[in-house]
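Visitor: First, the structure itself, so that you have it in front of you.
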Amino acid sequence: MDLWLHLRIGDFLRSGRRFGPSSDPLAVLADREYVPSQWFSQASMSAVYEAAGMTGIQVARLLLVVGLGSALLVACRLTAGPAAALFATSITMFAAAASWGERPQLAGMVLLALTTALWWRACVRGSVPWAVIPVTWVWTMVHGSWVLGVAVSMVLFFGGVLDRCWRGRTIVRVAAVPVLSVTATLMTPLGVHGLLEPFRVSAVARLTANEWQRPALDNPLLLVVLAAAVVVLLGLVRSSQHWWARAFTVVTSVVLALWMVRTIAVGAIVLAPALAHGLAHLTRRPVPHLGPKSGNAGQANHGSRDPHPEWPAWVLAVALVLALGGSHIATTNFGAPVSARVSAALSSLPADSVLAVDGRAVGWAQWAHRDRRPLRDLRAEVYSIPVATGYENFQEARSGWQKYADAQGMTSVLADRERPLDAALLGEPSWTVVAEDSDFRLWVHR
């Protein structure tokens, strides 16, 4: 979902209203109940926008990007010296750039990096990562990617066990962390719905949403992750420290990166500490001792001090992230997708208009024109497959699209001028343009 739809849902929830199993308040065709599994993020975004407008949203976004870079650097510093850690963090930030948008997903990536750092810290020190449990609890209310965090926890747990990071009863306590993390997800306002909703969303969105599809093999971000995985594999040959944890990490990150477009960033973040370790060995840089020493389980090695100062890496990392995040924000258009003229024409439509809006503008239309309910919006999970398929065929102007429009009683369409539907409407004398700009046309049925 885009920023505008998140803001609209946040406004709706903050007003005290709730989604229910009956008529959906945002879209006409929705035939499944919407469960706001990102309610905390959406309500927070709404509050920030109300207080500081788009500037506040972008400041919050930049702070999250800095938080992501910081959490990654902490995780990488656990397995390598400052130079390798900084280099690995930079590579990971690039590979995760597609998740830098002003969406709850960015906050989810920060929590994923933090969870990864907590588990690697536990592996290094032989301790129990209890902090993962409250992090997962918060994450459950922020974004559905918490499920991947639990999966990463399991991967690093089994890898750490095989690497003998923990001994005796400590293993039992560490094993309880993923279990208690899942249990914590039930202790939110959504209860069991918060636990099950990510799986329902994934099952439906994979059939209709582009970012839930498998990435093309020439995707540059995917290629970066695959190249990083090769570096980790080379590092495995040179070092036996945490061999299983790093090996499991490579497999997990590659599977995630190849699974779908939106999980390329997840794979990159999971791989970051192992990448730092691999870079350190390939460049023959000193690497901190990983894991408790034999015969002294549960204790980290603090006998030697790293000769490299920490502050230059941190200063350079923050400067780099601020520069990249600032340039990313500066080149992004956060205004309305349509002109003021088209927006005014939307406002003047009759109250009972049956409106179809192109996906690039539908979130904004729901936010800016709250008295309008478009036929379909970006929440893939609230539409059954027949409903989603029928509407998709209409938007692509496939055979029978005119009959579909008539059956829905459609009276107006906001169409992208580059999409097949707009071209098809040009050939229909019963449809007339009432307003247009360089990107969109507003059509009405006469």
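Visitor: So what's the Cα pair-distance distribution over the chain, bin width 10 Å, in %?
Guide: Spelled out bin by bin, the chain gives 4, 19, 27, 23, 14, 8, 3, 1, 0 percent.
Visitor: Apply 1/(1 + (r/R0)^6) to the Cβ-Cβ distance of Gln213 and Asn393, taking R0 = 22 Å, and write down the FRET efficiency to the nearest 0.05.
Guide: For R0 = 22 Å, the calculated efficiency reads 0.75.
Visitor: Right, here's the next one. Taking square-rooted eigenvalues a ≥ b ≥ c of the alpha carbon gyration tensor, is segment 178-224 rounded, prolate or oblate, where a/c under 1.5 means rounded and, failing that, a/b exceeding b/c means prolate?
Guide: oblate
Visitor: Right, here's the next one. When you count, for each residue, the other Cβ atoms within 10 Å and take the mean per peptide, how do 223-230, 183-190, 347-354, 389-396 rank with the highest first?
Guide: Averaged packing, sorted descending, gives the order 223-230, 389-396, 183-190, 347-354.
Visitor: Here is a follow-up. Pull up the DSSP beta bridges for the chain and report the antiparallel fraction as a percent, rounded to 5.
Guide: The answer is about 70 percent antiparallel.
Visitor: Further question on the same structure: Stretched out fully, how many nm does the piece from Arg370 to Ala131 gain, at 0.36 nm a residue minus the Cα gap?
Guide: Contour length minus Cα-Cα distance gives 81.9 nm.
Visitor: Determine which residues of segment 220-234 fall in the zone a paramagnetic label at Phe94 would reach in this model, i.e. backbone nitrogen under 17 Å from the point 7 Å along Cα→Cβ.
Guide: Hits in segment 220-234 for Phe94 at 17 Å: 220-232.
Visitor: Probe of 1.4 angstrom, ligands and nucleic acids ignored: what's the accessible area per residue over the chain, in square angstrom?
Guide: Spelled out: the 1.4 Å probe surface of the chain, per residue, equals 44 Å².
Visitor: Express the carbon and sulfur contribution to the solvent-accessible surface of the chain as a percent, rounded to the nearest whole number, probe 1.4 angstrom.
Guide: Answer for the chain is 63 percent, counting heavy atoms of protein chains only.
The values are calculated or read from the model by the stated rules, or taken from the named source; none is laboratory data. Because the structure is a prediction, the values reported are computed rather than measured. Note: ideal-geometry Cβ built from the backbone for every residue, glycine included; neighbour counts use all protein chains shown. Side chains are part of the model used for accessible areas, which takes the heavy atoms of the whole protein and leaves out ligands, DNA and RNA. Shrake-Rupley method; radii C 1.70, N 1.55, O 1.52, S 1.80 Å.
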